[in-house]
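These notes are about the structure you will find just below.
Only the coordinates and a few stated rules stand behind these numbers; no lab work does. Predicted, not measured: the structure shown is a model, and the values here were computed from it. Cβ placement follows ideal geometry from the backbone for every residue including glycine, while neighbour counts extend to all protein chains displayed.
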Amino acid sequence: MTALGLHDVHKSFGITPIIRGVSLEIGKGERHAIIGPNGAGKSTLFHLISGRFPLSEGHISLNGEDITGLKPYQINRRGLSRSFQVTNIFPKMTVFENVRCGVLWHLGYRYSFWHNTRKLKDANDRAMAVLQQIGLGDRAMLPASFLTYAEQRALEIGITIAGGAEVVMLDEPTAGMSRSETAHFVSLIRKVTEGRTLIMVEHDMGVVFDLADRISVLVYGQIIACDTPTNIRNSKAVQEAYLGQAMEAEH
Amino acid sequence: MSDTTLAATRGNPALDLLRRYGIWVIALVVMLVLPKIFTSGAALTTMCLMGIMIVFSLAYNMLLGQTGMLSFGHAVYYGLGGFLAVHAMNVIAAGKLPIPLPVVPLVGGLMGLTFGFIFGAVSTRRAGTVFAMISLGLGELIASLSLILRGFFGGEEGITANRTKMLTLWGVRFGPQIEVYYLIASWCFVCMIAMYAFTRTPLGRMCNAVRDNPERAEFVGYSTQMVRFITFCISGFFAGIAGGLAAINFELMNAVNISGAQSGSVLLMAYIGGIGHFMGPVLGAVLVVLLQVFLSDITGAWMLYFGLIFIMMVMFAPGGMAGLIMLHLPLWQRGTLLQVVPAYGVMLVPALMGVAGAVALIETAHHQLVKTATEGPAMTLFGIAYTSNSMLPWIVALVLIGGGLWLGRLWGPRMAGAYSDAAHGKDLGKEVSK
């Protein structure tokens, strides 16, 4: 069963093609990593899938339904949620409220102005549970801007998964983290995406080979390989195009 | 404002109840008692105006403070609500319809809601500068329409009504101003609670989310446009109620009520009071009405003072009056508030010097430029008689301003230091014992 399908997706900015025909099928429950050199179009691909940018050509389906051309909030309501490469939270609101913002729509409160949020036990419990899960339970009442960088990254993921989306997309979740923080974060990601489809862009090859069931290698807007971590590691084409340099940079 | 959901689960329930509802009880008592203390007709009129403006500025702040939408034309909904209320009063009186006066503000509210719906559908498609520009355009459009459509708006003179010609309930005819005061106070109290409750609802919380980070709000399932639109409609509703109350209070609506000046004035109220806190616009409405009423009695240059206060607020206290109060709340909680009093007291000297100098400068200039031609240069200020065309008063005024600024510069850091010591807990005793 396919969770997310990309069918011959193209994207150009002006006359510059960035994504040049990407087709990809990601199964339900799969952990899929997208890797590639800088400027390959990984983040652009994320923006296309999540509805932030419109496609130039092709179409995208979520759980078999066409989501091409839908707005970000419409795509989110259908069960796809994403995080951002640059921390993208509600800085003036409390940590607790940040997560609760991610919950409200999906529990059916929508644009309600007749419920008192204080009394929304399901939403408050769910938000608190997510906070415990991401290890920010004791930070709940702080303004989000008071958190450390790593905590803000965790909050970013908390907001993303809070609504219970089946498909979770994480854009460089461990960027800018220390090694020990990264190790902790990988187990966190594994925990919170249990039973969901995960699609992530990541530069840290350790994280990628640790987490992913399958890996796609994106180079100049095209997928040159899509396979299991072992096969990707051994692929000559990938070595040449990208992985060789990336693995060297790791050492 | 921080959410208190989790705080509510711990602590003494009675104390919690007091903390949650205490402020409303105080507000209610103050509103009930005020007319017993200030009994003069002028005071009563002023308080009625305050009640109306509290509702209007709170409605406005639903947009500016809570959703981050800067509107330059919110008087449209206030004014249209007021005009429809005036017409409703006339229709009710003429047809002897069984509708009592206290219901009339609701007519204004529905008018505000209707036009909020129509204009909001257009203007809330975009946020930021585009929204501000559309609101300005719509505001000017309706303001100029009010001078063209004489049937509905009554031209320059406006439309009058008689509030005592309604259905009388329990012998209350709303002839005397005190009865109107209690009518306005009741509506004001109910609207305040309703608008506060709004901030606690899912939509109210998402307004803050859309204000802080519209992009992220879209990625948690919310259409920022829809959040803005619904909030705009609700804000229009409350602005319309304020207009309806104004119609009852003045028994008159004219083009001024729907003009850009009125839109600007509500922006000033919200901003001076503090857009970052729910109670800010309440403080702003009270202060601005006081200034409008009393300053305009004292000096012909009152608009200039008003503008200067606004500029000073924007420059030195962008959080408004509520922001200044919130800045001192942690000190109150730590019990160190008294610690800053001496440092603040010292700062009163340059502050008073600066204000006295500025007042002298403005009043002397105002006299020289406006009144000398008809009344001659002789004038009195602070009980001192002098002539506005001599050099000395100008020099004194400038010296006062200069001295105030200089001393303020000199002593300012010490006041800031006293504040941060009190706020971040450098113990004064320890400092001495070292």
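Note down the magnitude of the dipole of chain A about its Cα centre, charges +1 on Lys and Arg C-beta and -1 on Asp and Glu C-beta and zero elsewhere, to the nearest 20 debye. Present the calculation step by step, with values, prior to reporting the outcome.
Working: 26 positive and 25 negative charges, 178 e Å.
For this selection, approximately 860 debye.
If R₀ is 51 angstrom, what is the calculated FRET efficiency for the pair B:LEU369 and B:ASN90, using the beta carbon separation as r and rounding to 0.05?
Numbers: r = 44 Å, r/R0 = 0.87.
It comes out at approximately 0.70.
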Requested in this report: Summarise the partner chain shielding of A:77-89 as one whole number: the mean count of Cβ atoms from other chains within 10 Å of each residue's Cβ.
Outcome: 2
Query raised in the report: What list of ³J(HN,Hα) values in whole Hz, one per residue of region A:65-79 in order, does the Karplus curve 6.51 cos²θ - 1.76 cosθ + 1.60 (θ = phi - 60°) give from phi, with Gly and Pro shown as x?
Result: 9, 6, 10, 4, x, 6, 6, x, 5, 5, 5, 4, 5, 8, x
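Looking at chain A from every direction and averaging, what is the projected area of its Cα convex hull in nm²?
On the way: hull surface 55.6 nm².
Mean projected area for chain A: 13.9 nm², to one decimal.
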Query - Virtual spin-label span in nm between A:SER187 and B:ASP16, 7 Å along Cα→Cβ - result: 3.5
Query raised in the report: Cross-link partners among aspartates and glutamates for B:LYS371, C-alpha distance below 19 Å, same-chain residues fewer than 8 apart left out?
Result: B:ASP297, B:GLU363
Requested in this report: Restrict the search to region B:79-179; then list the GluC sites (Glu not before Pro) that DSSP places in a loop and that have at most 12 other Cβ atoms within 10 Å of their Cβ.
Outcome: B:GLU156, B:GLU157
Report task. Could you point to the residue in A:PHE46, A:PHE209, A:LEU24 farthest towards the positive end of chain A's charge dipole, with +1 and -1 charges on the Cβ of Lys/Arg and Asp/Glu respectively? Result -> A:PHE46
Requested in this report: Would you mind getting me the FRET efficiency between A:THR148 and A:LEU107? Use the beta-carbon distance for r and R0 = 35 Å, nearest 0.05.
Outcome: 0.75
Query - Cβ-based charge dipole, chain B, positive-most Cα from B:GLY335, B:LEU291, B:HIS74 - result: B:GLY335
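What translational diffusion coefficient, in µm²/s and rounded to a whole number, does the Stokes-Einstein relation yield for region B:3-318 at 4 °C and a viscosity of 1.567 mPa s, taking the hydrodynamic radius as the Kirkwood radius over Cα pairs?
Working: Rh = 20.2 Å.
Reported coefficient: 64 µm²/s.
Which value, in debye to the nearest 20, gives the size of the charge dipole of the protein assembly as shown about its Cα centre, when Lys and Arg are +1 and Asp and Glu are -1 at the Cβ? Present the calculation step by step, with values, prior to reporting the outcome.
Working: 49 positive and 41 negative charges, 237 e Å.
Using Cβ point charges on Lys, Arg, Asp and Glu, the protein assembly as shown gives about 1140 debye.
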Query raised in the report: Within chain B, which DSSP H helices have Cα atoms that stretch 18 Å or more along the helix axis and a mean Kyte-Doolittle hydropathy of at least 0.0?
Result: B:13-37, B:41-61, B:75-95, B:104-123, B:128-148, B:177-199, B:224-250, B:260-273, B:302-316, B:320-334, B:341-366, B:391-424
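What list do you get for B:CYS233, B:CYS48 if you sort them by fewest beta carbons within 10 Å?
Numbers: B:CYS233 21, B:CYS48 26.
Ordered from fewest to most neighbouring Cβ atoms within 10 Å, B:CYS233, B:CYS48 come out as B:CYS233, B:CYS48.
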Query raised in the report: B:GLN339 versus A:GLN239, label points 7 Å from Cα toward the beta carbon: distance in nm?
Result: 6.7
**Report entry** Unit Cα scatterers, Debye sum, region A:175-244: log10 I(q)/I(0) for q = 0.12, 0.18, 0.20 Å⁻¹
**Finding:** -0.35, -0.76, -0.90
Report summary line: About its Cα centre, region B:3-318 carries a charge dipole, from +1 on Lys and Arg Cβ atoms and -1 on Asp and Glu Cβ atoms, whose size in debye to the nearest 20 is 560
**Report entry** Percent of Cα-Cα distances greater than 18 Å, calculated over region B:330-433
**Finding:** 60
Query raised in the report: Quick one: which of A:LYS28/A:LYS191; A:LYS28/A:LYS119; A:LYS11/A:LYS42 span more than 23 angstrom between C-alpha atoms?
Result: A:LYS28/A:LYS119
Query raised in the report: In whole percent, what relative contact order does chain B give with Cα contacts below 8 Å and a gap of six or more residues?
Result: 21
Query raised in the report: Picking from A:TRP105, B:VAL107, B:TRP406, whose Cα lies most toward the positive end of the charge dipole for the protein assembly as shown (charges on Cβ: Lys, Arg +1; Asp, Glu -1)?
Result: B:VAL107
